[in-house]
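Read the structure below first, then the notes.
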Amino acid sequence: MNPDAPAPALTPAEAEAVPPAYHAGVAVQLAALREQARLVEAFPLPDELEPAAVFVP
Amino acid sequence: MTVPAELAHQIAARIRARETSAAEVVLAALERIARHDGELNCFTAVLRERALADAESLDRRIAAGEEPGPLAGVPFGVKDLFDVAGVVTLAGSKILAGGHPARRDAPLVQRLRAAGAVLVGCQNMDEFAYGFTGENAHYGATRNPHDLARVAGGSSSGSAAAVAAGLTPLSLGSDTNGSIRVPASFCGIFGLKPTFGRLPRTGSFPFVHELDHLGPFARCTADLALAYDALQGHDAGDAACAMRPAEPSAGALGQGIAGLRAGVLDEWFAEGASAQALEAVERVARAFDSAQRVVLDEARSARAAAFCITCASGAELHLDRLRARPQDFDPATRDRFYAGTLLPATVVGKAQRLRRWFAGQARALFERVDILLAPATPVVAPLIGQKTLRLGDAEVPVRPNIGIYTQPISFIGLPVVAVPVWAGANLPIGVQVIAPPWHERRALQVAAHLEREGIVGARGFP
């Protein structure tokens with residue numbers, strides 16, 4: 001965690017979906033979620049690999 | 001605080017031998033709860049009248065010569081997301097408190113009762129099971145019996161702390177990303193997260209349908225296996241519950257670990273771990289004739305995918321409540337659910353496909369080893385209210401990072417027994433004993449061997 005980093009903020013479109021009182025807290029959580037989402041998006045998977053409707057380990 | 005020596009199998013044996021009665025045992029448990037729960041905060045409801053009535057009924061059946069079951073008279077508690085007849089299922093929330101009481105017990109509660117166990121209460125948890133610390137804005141934090149200033153771990157906080165403190169010898173919890181294994185680690189007890197689909201979740205309040213598991217806590221492997229054996233079996237109410245026959249485990253605990261090949265998970269499962277966590281895994285690994293370091297490829301991405309699915313699916317489940325009563329959520333839960341509503345669907349779809357790919361990596365690894373070992377948590381129990389922890393060189397937020405080693409494993413539904421190790425400190429830390437799908441018995445067999453060798457085990461209090 002970098003204490004000098006600017007506080008995360010919601011985009012105007014995101015802010016419309018969240019009550020103003022919660023913007024700051026949600027922006028922090030969304031920044032952490034996006035960090036994980038980037039890893040998922042960057043992961044190379046074959047096109048034919050499909051998800052299981054009911055997962056079987 | 002002192003922990004009574006009696007374990008579940010000892011209690012059941014004494015009751016079956018008519019050395020004591022179920023009513024005496026249950027009354028003693030209720031007295032322990034009354035004495036200690038004020039400081040521990042394990043229970044959200046104590047079912048005194050119902051428990052005593054059940055115990056007296058059991059005593060009458062025993063007096064009539066009926067078979068009382070393998071868990072005869074054993075008191076147990078359940079995380080407050082299991083339906084209990086006549087009680088409102090809170091799931092750690094304020095919002096559900098105004099709902100209707102459950103009409104019947106969840107099947108797993110019914111199964112423990114059918115085995116002779118006696119339900120004594122419902123137990124505290126993180127709101128809607130979304131947390132690893134057991135700090136709940138509505139019902140307070142569950143305190144760790146080994147150090148009251150520390151968290152018990154979550155989200156099955158009350159269930160783990162109650163067993164660790166000897167309030168009851170058994171309890172039931174749930175595990176979506178680590179919520180059985182994390183509190184078992186912090187509280188120094190055994191916890192079993194079975195294979196995804198092994199135990200039915202019917203009658204339990206969901207968190208993330210595609211990741212939720214239910215399972216037991218105990219202070220020894222014999223009790224854990226007895227409970228697990230009583231819980232097994234298909235239930236049509238859970239679409240994910242496998243049509244598999246019960247595979248009893250209690251009789252396999254003495255088989256030892258000769259010939260088993262252990263793999264110590266490296267890279268992601270060692271990065272950032274504290275010295276205690278690494279030492280705990282090493283101690284367990286040394287018990288095997290053959291232990292090698294192995295890598296489960298892309299565990300970091302698997303953990304990220306579990307993180308995204310959890311946030312988005314949890315948000316979808318609670319969207320109406322989030323829109324109608326946001327002020328009544330625990331702020332820590334509410335802000336993450338709102339964030340989940342803003343995650344693109346494309347990420348969730350990709351994460352689900354990544355899940356299938358990652359399961360294949362684990363299957364391939366299990367062709368080389370029979371059992372995998374990894375820390376359950378990177379650190380011992382943090383302090384209540386602690387906001388950050390150190391992972392290697394980085395200072396990171398506590399809440400999302402306690403489960404970094406459990407999340408990739410539950411993501412692909414592998415069965416795990418969390419075993420308690422006392423590695424140098426006065427606080428315990430858990431090790432995950434991970435088996436291939438449907439091989440809970442092997443994980444229990446390893447845990448039992450480690451327990452017999454004195455490498456792992458629950459402890460009492462000074």
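Taken over the stretch A:37-57, the residue count meeting the criterion of being more than 7 Å from every other protein chain (Cβ to nearest Cβ) and either over 22 Å from B:Asp212 (Cβ atoms) or modelled with pLDDT of 95 or more (or both) is 6. Among the numbered conditions (1) in contact (Cβ under 8 Å) with a residue 60 or more places away in the chain; (2) more than 18 Å from the chain's Cα centre (by Cα), the only one that B:Thr388 does not meet is (1). On the given criteria, is B:Arg300 in contact with a strand residue (DSSP E or B) (Cβ under 9 Å, 6 or more places away or on another chain), within 25 Å of A:Leu39 (Cβ to Cβ) and open to solvent by 20 Å² or more (accessible area, probe 1.4 Å)? Considered against the rule, which asks whether it is in contact with a strand residue (DSSP E or B) (Cβ under 9 Å, 6 or more places away or on another chain), within 25 Å of A:Leu39 (Cβ to Cβ) and open to solvent by 20 Å² or more (accessible area, probe 1.4 Å), B:Arg300 comes out as no. A single entry from B:Leu52, B:Leu47, B:Leu90 fulfils the requirement of being farther than 23 Å from B:Ala222 by Cβ, open to solvent by 20 Å² or more (accessible area, probe 1.4 Å) and either polar (S, T, N, Q) or touching a His at 6+ places or on another chain (Cβ under 9 Å) (or both): B:Leu90.
Screening B:Gly403 with (1) in contact (Cβ under 8 Å) with a residue 60 or more places away in the chain; (2) open to solvent by 10 Å² or more (accessible area, probe 1.4 Å); (3) in contact with a helix residue (DSSP H, G or I) (Cβ under 9 Å, 6 or more places away or on another chain); (4) under 24 Å from B:Gly134 (Cβ atoms) gives one miss only, at (2).
Scanning the stretch B:329-348 for residues that are open to solvent by 20 Å² or more (accessible area, probe 1.4 Å) and more than 7 Å from chain A (Cβ to nearest Cβ) yields B:Ala332, B:Pro344, B:Ala345, B:Thr346, B:Val348. Of B:Arg150, B:Arg181, B:Arg244, all but one fail to be within 14 Å of another protein chain (Cβ to nearest Cβ) and over 20 Å from B:Val120 (Cα atoms); the exception is B:Arg244. Looking for something farther than 21 Å from B:Val163 by Cα, in contact with a Ser or Thr (Cβ under 6 Å, 6 or more places away or on another chain), open to solvent by 20 Å² or more (accessible area, probe 1.4 Å) and part of a loop (DSSP other than H, G, I, E, B) - is there at least one such residue anywhere in the stretch B:426-437? Taking every residue of the stretch B:426-437 in turn, at least one turns out to be farther than 21 Å from B:Val163 by Cα, in contact with a Ser or Thr (Cβ under 6 Å, 6 or more places away or on another chain), open to solvent by 20 Å² or more (accessible area, probe 1.4 Å) and part of a loop (DSSP other than H, G, I, E, B). Among the residues of the stretch A:4-14 satisfying the criterion of being facing chain B (nearest Cβ under 10 Å) and either under 16 Å from B:Phe337 (Cβ atoms) or among the aliphatic types (A, V, I, L, M) (or both), which is most open to solvent (accessible area, probe 1.4 Å)? Here the answer is A:Ala13. Within the stretch B:212-241, the set of residues being surrounded by 24 or more Cβ atoms within 10 Å (Cβ to Cβ) and within 14 Å of another protein chain (Cβ to nearest Cβ) comprises B:His213 only. In this entry, B:Arg355 passes the filter for residues that are farther than 30 Å from B:Gly98 by Cα, within 14 Å of chain A (Cβ to nearest Cβ) and either of a type in the set (Lys, Arg) or open to solvent by less than 40 Å² (accessible area, probe 1.4 Å) (or both). Screening B:Glu298 against (1) under 24 Å from the mean Cα position of the chain (by Cα); (2) within 14 Å of another protein chain (Cβ to nearest Cβ); (3) over 30 Å from B:Leu148 (Cβ atoms); (4) of a type in the set (Asp, Glu) leaves a single unmet condition, (1).
Just a yes or no: is a residue in the stretch B:359-375 among the basic types (Lys, Arg), free of Cβ contacts under 8 Å to residues at least 40 places away in the same chain, within 10 Å of chain A (Cβ to nearest Cβ) and open to solvent by 10 Å² or more (accessible area, probe 1.4 Å)? Within the stretch B:359-375, not a single residue is among the basic types (Lys, Arg), free of Cβ contacts under 8 Å to residues at least 40 places away in the same chain, within 10 Å of chain A (Cβ to nearest Cβ) and open to solvent by 10 Å² or more (accessible area, probe 1.4 Å).
Residues that are in a loop (DSSP other than H, G, I, E, B) and either within 12 Å of chain A (Cβ to nearest Cβ) or of a type outside the set (Gly, Ala, Ser) (or both) within the stretch B:377-396 comprise B:Thr377, B:Pro378, B:Val379, B:Val380, B:Pro382, B:Ile384, B:Gln386, B:Lys387, B:Asp393, listed in sequence order.
Filter the stretch B:376-392 down to residues that are closer than 18 Å to B:Asn426 by Cβ, among the β-branched types (Val, Ile, Thr) and in contact with an Asp or Glu (Cβ under 8 Å, 6 or more places away or on another chain), then give me how many there are. Residues that pass the stated criteria total 1. Among all positions in the stretch B:134-150, there is no residue which is among the β-branched types (Val, Ile, Thr) and either in a strand (DSSP E or B) or under 11 Å from B:Pro382 (Cβ atoms) (or both).
The residue list A:Ala27, A:Ala31, A:Ala21 contains one member that is facing another protein chain (nearest Cβ under 9 Å), exposed (fewer than 11 other Cβ atoms within 10 Å of the Cβ), at pLDDT 90 or above and in a helix (DSSP H, G or I), which is A:Ala21. Yes or no: B:Ser174 touching a strand residue (DSSP E or B) at 6+ places or on another chain (Cβ under 8 Å), touching a residue at least 40 places away in the same chain (Cβ under 8 Å), closer than 21 Å to B:Gln386 by Cα and surrounded by 24 or more Cβ atoms within 10 Å (Cβ to Cβ)? So B:Ser174 does not fit the description; no. The set of residues in the stretch B:407-425 that are in a loop (DSSP other than H, G, I, E, B) and of a type in the set (A, V, I, L, M, F, W, C) comprises B:Ile412, B:Leu414, B:Trp422, B:Ala423, B:Ala425. Looking only at the stretch A:44-57, residues that are surrounded by 14 or more Cβ atoms within 10 Å (Cβ to Cβ) and more than 30 Å from B:Asp238 (Cβ to Cβ) come to 0 in all.
Taking each residue of the stretch B:103-124 that is surrounded by fewer than 24 Cβ atoms within 10 Å (Cβ to Cβ) and looking for partners that are of a type in the set (Lys, Arg) with beta-carbon atoms closer than 8 Å, six or more apart or interchain, yields B:Asp105/B:Arg113; B:Gln110/B:Arg104.
The values are calculated or read from the model by the stated rules, or taken from the named source; none is laboratory data. Keep in mind it's a predicted model, so treat the numbers as computed, not measured. Every residue, glycine as well, gets a Cβ built from its backbone with ideal geometry; the counts of neighbours run over all protein chains shown. Heads up: the accessible areas ignore ligands, DNA and RNA and are worked out on the full protein's heavy atoms, side chains in. Shrake-Rupley method; radii C 1.70, N 1.55, O 1.52, S 1.80 Å.
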